[in-house]
Amino acid sequence: MTHLSLGTSPPPTAPRTPAAGGPTGLRVALALARSERVPGPDFPAGPAVTAWPGEGIAVPTALDALLGASLAGGRLRPAASAGALHPVNAHLLVGPGGRVPPGRYAYDPVAHRLHARGGAPADAPDGVVVVLTVTARRTVSHYGHRAWPLLLLDTGHALAALALAGADAFCEDADGRLLAAAAGLTKGAGEPEHAVAAVWSGPGDHPDARTLTRWAAHGPGTPPSPGRRLPAPTDLRDAWKALAEVTTASAEESWRGFPGLPRPLPRPRRRSTEPGFGGRPGHAVLGRLLRAAERAGPEGVRWCVAVGGRDAAVLGLPGPHVLATGDARPTLAGWAAGQAWLGATGAVLLAQGCPEDASPAEIRHTHVRAGYAVGLTQVLAQEAGLATRPVGSWQHADLGAALGGPPGRLPILHALALGRHRSREASAVGPRPTREPSVEGAPPS
């Protein structure tokens, strides 16, 4: 059995030059996103939502349950987002038989309204396709070179929220250009949006394999309203390049049901817990959450949970059983961009995967699906009465090597902090000091 002996600030490691893997530029971008380099000063994030011409229309009842329970809101939304910056946009492709005329619509989550962007192809299937795109500027404005993987994780959280709101199927491997064309986006019109995934809600388990192709052949939709063009710093241009590479795919569109979706569907919540919660969850609950994450997560990703206390350890499946003894939480706090509060949190659920030589398709798949798995697991943990907070930014977090594996193969990809709410901790262990724990380095919720 491994005993953890980790420093809180591991030495930087240079990326290896693998014999196979993604393009060199993308490997460098991934290594940089995981490095200890501190992002530069914030720059303007642009508007919280894209401006579309014309008056918005009310979301019909048939779509209100889907959109209102998944994407609607200002800073507080059912889908978690790094820094509450919410870069994920939703474009609706509505077929015949709905409560709104068939056509393309852009969704405004803040106003909870739809903006019509043109008609539908004659052979559009019944049901609704939701194409998820990201506006990179919103996240890069704060996280700089670390931002583009967070955009993929945020897309996964949006997928989880839509699944919990009743969506039927999703597509995560179609070429980004096909997804963008299906949404009717025009290159060069407004701030760039990179299409990452799509969701289906309609009759049957999933649409046929030419649904996106039919919409793409229909031509572009109404462009956004012209606005003030903002400068594009180097980090933003680099993020655009990385997103273009990871969303380029040769695979045809394929649709599948949401993996690991619990039945009955739990009720989504609207916010993560503020940092500073402690209290180790019970062994049985941690086992259930580990199994839920594994069922929902991508192939090739391993899940474990770090716990503190007298029997501090890293636990894994099956079981959970002890993978290593010792308290990993202080090291995790250093690896997670100096978020000191993680060192005293109750437990940290960890996804490990996406090696440094991963292909573009693997980078996209593992990040999107890890975000989806953490999104589902967060709601299950909240249903169990736990405090929760996703943690997406990790620097030199090679937990796989610390557990005895080869370096660079199983770095930390995503995480979910777990604990008891303060009021429950107080009732369980007596009065707490009035001074709150430090939250140095914690992003806004």
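The values are calculated or read from the model by the stated rules, or taken from the named source; none is laboratory data. These figures come from a predicted structure and were not determined experimentally. Every residue, glycine as well, gets a Cβ built from its backbone with ideal geometry; the counts of neighbours run over all protein chains shown. In case anyone asks, the SASA skips ligands and DNA or RNA and just uses the protein heavy atoms, side chains included. Shrake-Rupley method; radii C 1.70, N 1.55, O 1.52, S 1.80 Å.
If you take the residues of region 57-70 that are assigned to a loop (DSSP other than H, G, I, E, B) and of a type outside the set (A, V, I, L, M, F, W, C), which of them is farthest from the chain's Cα centre (by Cα)? Of everything passing the filter in region 57-70, Pro60 is farthest from the chain's Cα centre (by Cα).
A search for C-beta distances below 9 Å between a residue of region 138-151 that is closer than 18 Å to Cys354 by Cβ and among the small types (Gly, Ala, Ser) and any residue that is surrounded by fewer than 24 Cβ atoms within 10 Å (Cβ to Cβ) and modelled with pLDDT of 95 or more, counting only pairs 6+ apart in sequence or on different chains, returns Ala147/Ala33; Ala147/Pro39; Ala147/Ser141; Ala147/Asp235; Ala147/Leu236. Scanning region 21-56 for residues that are over 20 Å from the mean Cα position of the chain (by Cα), small (Gly, Ala, Ser) and in a loop (DSSP other than H, G, I, E, B) gives Gly21, Gly22, Gly40, Gly46, Ala51, Gly54, Gly56.
Among the conditions (1) touching a residue at least 24 places away in the same chain (Cβ under 8 Å); (2) open to solvent by 70 Å² or more (accessible area, probe 1.4 Å); (3) more than 20 Å from Ala183 (Cβ to Cβ), Arg229 misses just one, which is (1). At least 1 residues being open to solvent by less than 20 Å² (accessible area, probe 1.4 Å) and of a type in the set (Gly, Ala, Ser) is the threshold, and among the strands (runs of 3 or more DSSP E) wholly inside region 80-157 those reaching it are 88-94, 103-108. Looking only at residues in region 24-72 that are hydroxyl-bearing (Ser, Thr, Tyr) and closer than 23 Å to Pro411 by Cβ, the one that is surrounded by the most Cβ atoms within 10 Å (Cβ to Cβ) is Ser35. Listed here are the helices (runs of 4 or more DSSP H) enclosed by region 169-266 that have at least 1 residues being touching a Pro at 6+ places or on another chain (Cβ under 7 Å) and among the hydrophobic types (A, V, I, L, M, F, W, C): 211-216, 234-246.
Residues that are modelled with pLDDT under 95 and of a type in the set (Gly, Ala, Ser) were ranked within region 285-315; the one that is least open to solvent (accessible area, probe 1.4 Å) is Gly308.
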